[in-house]
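Notes to accompany the following structure.
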Amino acid sequence: MHSRNYAWTIGVVLAVGVVLGIGVADLSAQMNDPRIGTWKLNVAKSTYSPGPAPQSLMVKVEAAGQGEKTTTDFVNADGTRTTTQYTANFDGKDSPLSGSQFGADMVSLKRIDARTTERTDKKGDKVVQVLARVVSQDGKTMTVTTKGTNAQGQAVNNVGVFEKQ
């Protein structure tokens, strides 16, 4: 009887250790994610096709679960302001997106490697744009290549260069 209780206790301790170990690993990965922080668009180094480029753009990325919470504040070319927000995991599953200038209402994320992520914006089942986001080796610059279709039906091919604040 004593050995059965001992085995059960060891099993519970191991299970708890595995759960905590995974939690610590996930937390560590989030803390080491180079995208976490605030990023400012360097308009002069960026290209927007068809354009026009925004006057300014700030992106705040926070760790959230197995993914990120992102808030993007635009000052558009005409001076109007727009804010987009989402919270999503890096699991390829759709999550709500608000404020998209392209009409998207869902976002999904995939982690390609430690410095590269992919974001796909959709309206219903239709892909509106795909953003490939790469953080430089030194962690000071993020390049975001956006391909898709804007609200006017024009092909979009933007390259945004962001500097960590």
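The values are calculated or read from the model by the stated rules, or taken from the named source; none is laboratory data. Small disclaimer: the values here were computed from a predicted structure and weren't measured. Here the Cβ is made from the backbone with ideal geometry for all residues, glycine too, and neighbour counts use every protein chain on show. Quick note on the areas: whole protein, heavy atoms, side chains included, nothing else; ligands and nucleic acids left out. Shrake-Rupley method; radii C 1.70, N 1.55, O 1.52, S 1.80 Å.
For every residue, the table says whether it meets (1) closer than 19 Å to Ser98 by Cβ; (2) open to solvent by less than 60 Å² (accessible area, probe 1.4 Å).
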| residue | (1), (2) |
| --- | --- |
| Asp121 | yes, yes |
| Gly124 | yes, yes |
| Val127 | yes, no |
| Gln137 | no, no |
| Met142 | no, yes |
| Lys147 | no, no |
| Gln152 | no, no |
| Val156 | no, yes |
| Gly160 | no, yes |
For the stretch 119-138, pairs from a residue that is at positive phi to a residue that is surrounded by 14 or more Cβ atoms within 10 Å (Cβ to Cβ) and of a type outside the set (D, E, K, R), with Cβ under 9 Å and 6 or more apart or across chains, are Gly124/Met106
Would you check if there is a residue in the stretch 153-165 being closer than 22 Å to Lys40 by Cβ and basic (Lys, Arg)?
-> yes
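Residues of the stretch 54-65 being modelled with pLDDT of 95 or more, outside any strand (DSSP E or B) and open to solvent by 30 Å² or more (accessible area, probe 1.4 Å), which ones? Spell out the reasoning first.
Within the stretch 54-65, the subset modelled with pLDDT of 95 or more is 54-64.
Subsequent filtering for residues that are outside any strand (DSSP E or B) retains 54-55.
Passing the criteria: only Gln55.
For the stretch 87-107, which positions are among the aromatic types (Phe, Trp, Tyr) and within 15 Å of Ala151 (Cα to Cα)?
From the stretch 87-107, those among the aromatic types (Phe, Trp, Tyr) are 90, 102; that's our starting set.
Hit for the stretch 87-107 is Phe102, nothing else.
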